[in-house]
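S.K.: To start, I am sharing the structure in question, which I have written as structure tokens.
All of the numbers you see were taken from the coordinates with simple rules; none came from a lab. Not measured: the values here are computed from a predicted model. All Cβ positions, even for glycine, are placed from backbone atoms using ideal geometry, and neighbour counts span all protein chains on display.
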Amino acid sequence: MKTSPKIIAVAGPSCSGKSFVAKALVAELGESRCQSIALDHYYRDLRGLSPAERERRDFDCPDALESELLVKHVAQLRQGDPVVIPQYDFSIHLRSDATSTVLPAPFIILEGLFALGYPALLPMIDVGVFIDIDDDTALARRIRRDVQERGRTMESVVAQFRTTVQPAVERYIRPSAAAATLRFDGTVDLKSTVAAIMAHLN
């Protein structure tokens, strides 16, 4: 008989520390017992749009992700079946030809802005973690990340943050904290956050 995995969702605003916490949880739980899925890979492919049109799209609303596929994949993992997830290239806003296979494991970590934002996903989540952060710190971290890792200009990062990112935090992301089991401040030592989550799991 297959045992359903424990699903841990890690949500919160951009650059709040979600990825760090997800990776640290994998290390704590053990790579052989844990799989992590970044919701970023579920952004919809914009192949039908020009590069300029892609740049103008709102990537900070729940509909920007193919949530139907995400929910389907989590359901399959809960049944003990492997899934093949897409890979997303943020520099061109397209899915790449590569994919990644995620195998069933005792623990599945879902990490992303809207990890607690889809009603169809919530019944499958066992532990919801929400990490918040103030807007100024989030912007500073986002500039550093997107310029260094995603080939963006500082001006484009700031413009996007002001027009779509920060408004989406207030409209969609912070309200989803209502579904969280545990809440944390992303400006404090995230190692203590990981320790608190592990204590809860144990």
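S.K.: Kirkwood Rh, Cα Rg: Rg to Rh for the range 1-74?
M.R.: 1.05
S.K.: Using the Karplus equation 6.51 cos²θ - 1.76 cosθ + 1.60 (θ = phi - 60°), what ³J(HN,Hα) coupling, rounded to whole Hz, does each residue of the range 66-73 give in order, writing x for Gly and Pro?
M.R.: So the J values, rounded to whole Hz, are 7, 5, 4, 5, 4, 4, 4, 5.
S.K.: For a paramagnetic label modelled at 7 Å from the Cα of S156 toward its Cβ, which residues of the range 51-94 fall within the zone defined by backbone nitrogen distances under 14 Å?
M.R.: Under 14 Å, as judged by backbone N against the label point of S156, lie 51-59, 89-94 of the range 51-94.
S.K.: When the convex hull of the Cα atoms of the range 7-186 is projected onto a plane and the area is averaged over all directions, what value comes out in nm²?
M.R.: 9.9
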